[in-house]
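Nothing in this text is a laboratory measurement; each read-out follows from the coordinates by a stated rule. Small disclaimer: the values here were computed from a predicted structure and weren't measured. All Cβ positions, even for glycine, are placed from backbone atoms using ideal geometry, and neighbour counts span all protein chains on display.
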């Protein structure tokens, strides 16, 4: 055992030294430790426990929370197919089945030679260019049978992923409509120079005058949030950019970070000057790991320009720098308090609120947490003023909103509009035809039917974090809702019983309907579950878990009614269906291999 631990000591000591032996960096340490062997070795857990002075159980508990971390060997090639509804519509399940068949591996299991594991992940943020997958955390999009066959051959020949064709990893931005943000030619430091000339207090007033609201979905006043943090007492203030863009159907932050990272970082620095922060963090979702080197280069360039670090722009009292924290596959970390828990090296469990992060955030200190798009907009306001920004959009929703458009349309991608644009205008611009439904703001948002397409994207009508998923009349809206429900059940953090059990029960009910065992009784049970989840869940995930079902029942009831095969309650368990795997293994599917219902 000692020799094994000594084997780990070298690379672990390097990681620990780089992370200052700080237990708050546990997640980052585990991510880096996994890169050495492809998983987190048991001896590494013991070594980290000793040197971080943390119980081994806590370290193992943190590692077990994040889907991209592995406590057992997970293969040299770790393939994750995106499993959101848009990728499914594009044929991801058939492609995954074909790959498993070619390489003789069962989904979710490591191959017998230890080389390969093929599974799914909720969303890779590539809905505009799917089907997509991650291979060792690198994104590959526009999958088809030809590309999958080529990937299978590379794996058979044990070609390192770093030597695969560069074209496989080409990610498009697909910016279809630009407005003030996406068409801006931002000059580094321009907003900070305007802040210095205008003054800190007046710049805060400009943010308030602009009526900028958070672009992450909740729409809280950005100026009010910054002012509350500025006034809060603490040993140190922090600024956090939430780039954990995990909502299926949303990919705007990916493009903003790829093309406008400088503007995002300037917005964070502007905020830091106003609230008195010396330290900032960008929390980058694990699926966007491929952006890390680019973002680090942008940060370093800003340091060279004296826009980050000590004495920014020559002001002795203006010290601020930004560190990037990586996520590791946990949708719940998009919730700001869960994100902070993750940054502190813990499981991403949402906190009880109040207190709120503006007074008790990272390390229990005053913390501003804003979305990528919010900080980018703040840079423009810092440069051009609040009155200019407030004139764009509507009275209740100033500025513009970037929509991530995907699904059944000719031109998926990013569309930036002034707030107040109608749904039908977006559908026309993206080339959608014969549209049956639009899911706005992802699974936790709202599903609307054609008679509502005149409604507007605005906080006083349809608020959104950015997802805009289009479904034509060939789509089964029941299956759309079922995919969303399974997403919530998979991504529940498990902290509270109502959500942990309730989302599982809901997914089981939807599966029951899908398998032909539904009755009106099940509708009533879904309603009861919704009341339970809304009233007792710990956070917003549980509160919104029933939304996809209730929305689609209300607007697309025939999709459900055709699955009500029974007038009275019947149990979900079907013995004949349970034997399907045995039939597959034995190669039998004749009449004698099936049970009649009367015999069950």
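Quick rundown of the values:
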{"quantity": "Tilt relative to the chain, helix 261-275 - C-alpha long axis, 0 to 90 degrees, to 10", "calculated": "60 degrees"}
{"quantity": "Cα principal axis extents for region 177-331, largest first, Å", "calculated": "39, 36, 34"}
{"quantity": "Residues in region 337-381 that a label on residue 231 would reach, taking backbone N under 13 Å of a point 7 Å out along Cα→Cβ", "calculated": "359"}
{"quantity": "Using distinct alpha-carbon pairs, which all enter the 1/r mean, Kirkwood radius of region 400-475 in Å", "calculated": "11.9 Å"}
{"quantity": "Length gained when the stretch residue 218-residue 521 is fully extended (0.36 nm per residue, less Cα-Cα span)", "calculated": "105.6 nm"}
{"quantity": "Cα-based helix-to-principal-axis angle, 2-18 vs the chain, degrees rounded to 10", "calculated": "40 degrees"}
{"quantity": "Length gained when the stretch residue 179-residue 305 is fully extended (0.36 nm per residue, less Cα-Cα span)", "calculated": "42.6 nm"}
{"quantity": "Region 408-530: relative contact order as a whole-number percent, Cα under 8 Å and 6+ apart", "calculated": "20 percent"}
{"quantity": "Distance in nm between pseudo-label sites at residue 425 and residue 290 (7 Å out along the Cβ direction from Cα)", "calculated": "3.3 nm"}
{"quantity": "Packing rank of 387-393, 31-37, 406-412, 124-130, where each peptide gets the mean count of other beta carbons within 10 Å, highest leading", "calculated": "124-130, 406-412, 31-37, 387-393"}
{"quantity": "Cα principal axis extents for the chain, largest first, Å", "calculated": "84, 69, 46"}
{"quantity": "Equivalent ellipsoid dimensions for region 495-600 as semi-axes, Å, which come from the Cα gyration tensor, largest first", "calculated": "31, 17, 11"}
{"quantity": "Share, in percent, of DSSP beta bridges within the chain that are antiparallel, nearest 5", "calculated": "45 percent"}
{"quantity": "Helix 222-231 vs. the chain, principal-axis angle (Cα, 0 to 90°, nearest 10)", "calculated": "60 degrees"}
{"quantity": "Ranked by how many other beta carbons lie within 10 Å on average, peptides 263-270, 96-103, 395-402 from highest", "calculated": "263-270, 395-402, 96-103"}
{"quantity": "Per-peptide average of other Cβ atoms within 10 Å, ordering 464-471, 439-446 highest first", "calculated": "464-471, 439-446"}
{"quantity": "Volume in Å³ per residue [convex hull over Cα atoms, computed for region 77-172]", "calculated": "83 Å³"}
{"quantity": "Stretchable slack from residue 460 to residue 528, in nm (0.36 nm times residue separation minus alpha-carbon distance)", "calculated": "21.6 nm"}
{"quantity": "DSSP-defined beta bridges in region 177-390 - what % are antiparallel, rounded to 5", "calculated": "10 percent"}
{"quantity": "Cβ-derived FRET efficiency at R0 25 Å, residue 17 paired with residue 166, nearest 0.05", "calculated": "0.15"}
{"quantity": "Distance between region 95-111 and region 435-477 - C-alpha centres, whole angstrom", "calculated": "35 Å"}
{"quantity": "Relative contact order (%) - the chain, alpha-carbon pairs under 8 angstrom, separation at least six", "calculated": "13 percent"}
{"quantity": "Compactness of region 143-252 - radius of gyration and Dmax, Cα, Å", "calculated": "22.2, 62"}
